[in-house]
Amino acid sequence: MRDMKGIYTALLTPFTAEGKINEKELEHLVLHNLRLGADGFYVCGSTAEALMLSCEERKQIMRIVKDCAGNANLIAHVGSVNERDATALARYAKELGYHLVSSVAPYYYKFTSAEIREYYVRLAEAASLPMLVYHIPAFSGVAMGVAELGAFLSDDRFAGIKYTSNDFFTLEQCKTAFPEKLVFNGYDEMLLSGLAMGADGGIGSTYNFMADKFVRIRSLFGAGRIDEARRVQQEANRIIAVLCRIGVMQAEKEVMNQLGFDFGDCLPPFGRVSPEEKDLIAREIIPYITK
Ligand code: MN9
């Protein structure tokens, strides 16, 4: 079985001025992240604005990344409250040769636990790929505890969880009960905490431009050099605190633009970054990033 542990960049989506996916810049981003040491890519997740894209656009992104990612580990987020789209995307991920599929829980309508479970099982079966449950209660509004997450982990069709929550007790309980399953930490600012409680790696949006810091945190942690790992986490967190003040995804795109990429803006209804915020990024973030 392929080793899927590690540091995964949740890729941003660069757009042209006309609002089309900028293929060239997406390739550039993937290659840049391979240079920074990322082990793999989480494709079409929240960070990619995927829930605001059409099925065709999501397929286009999946294709571009597959074509330039070499031997990196690839996870396709296929989730949608439109299960027919999610199913088509899951099949497409398999066809392209992705290693895992992932999905946010179906949201908005307050589906029951049984409905959510059946959604996941149908998707995993449609893809014939192991499923990584994307647990992000703050965004999805779907709360899942040890019982619900454990029900997935005990099933062979499920590879593990992308765990975007700061409830590290639940993370630990899941990993301890199912040590052979993958658990990825989802909040970049708490990677070290997640690793300490048993996570196998992380998937994050700020990795787009500082994957090297997270690779370093993971390897220092693995070597038992906790004080040094914490210092790198502190460096990353100084940057993340600024992103949070501005709006994480809009600010991340501006960081890419200031690094010389051409990422455009987030899609509306996301707002634009103001001139003052651009200055803040230039002063407080850019000097601390590997070019
Ligand atoms: O999944 C990302 N989550 C969201 C990962 O974007 C909702 C994180 O990388 C956060 O953006 C990051 C900043 O809070 O930790």
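Of note:
- Kirkwood's formula applied to the C-alpha pairs of the stretch 6-225 gives a hydrodynamic radius of 17.2 angstrom.
- Cβ-derived FRET efficiency at R0 45 Å, Thr16 paired with Thr176, nearest 0.05: 0.45
- Within the accessible area of the stretch 6-225 (1.4 Å probe), percent carbon and sulfur: 52 percent
- Using R0 = 51 Å, the C-beta based FRET efficiency linking Ser113 and Glu276 works out to 0.65.
- Ordering Phe168, Tyr120, Leu36 by Cα displacement along the dipole of the chain toward the positive end leaves Leu36 in first place; charges were set at the Cβ atoms of Lys, Arg (+1) and Asp, Glu (-1).
- The simple spin-label model puts a point 7 Å past each Cα toward its Cβ; for Glu125 and Cys68 those points are separated by 3.8 nm.
- Fully extending the segment from Ile286 to Ser154, taken as 0.36 nm per residue of separation minus the present Cα-Cα distance, adds 43.1 nm.
- The stretch 263-291 and the stretch 96-165 have Cα centres separated by 32 Å.
- Virtual paramagnetic centre 7 Å along Cα→Cβ of Arg230, amide N under 16 Å, in the stretch 169-194: 190-194
- If R0 equals 30 Å, the separation of the Cβ atoms of Glu23 and Ala196 corresponds to a calculated FRET efficiency of about 0.15.
- Note on the stretch 33-159: with charges restricted to the Cβ of Lys and Arg (+1) and Asp and Glu (-1), its dipole about the Cα centre is near 180 debye.
- Using alpha carbons only, the radius of gyration of the stretch 1-113 set against its Kirkwood radius gives Rg/Rh = 0.97.
- Unit charges on C-beta of K, R, D, E only; dipole of the chain, Debye: 360 debye
The values are calculated or read from the model by the stated rules, or taken from the named source; none is laboratory data. None of the values given here were measured: they were computed from a predicted structure. FYI the Cβ positions are ideal-geometry reconstructions off the backbone, even for glycines, and counts take in every protein chain you see. Heavy atoms of the whole protein, side chains included, go into the accessibility calculation; ligands, DNA and RNA do not. Shrake-Rupley method; radii C 1.70, N 1.55, O 1.52, S 1.80 Å.
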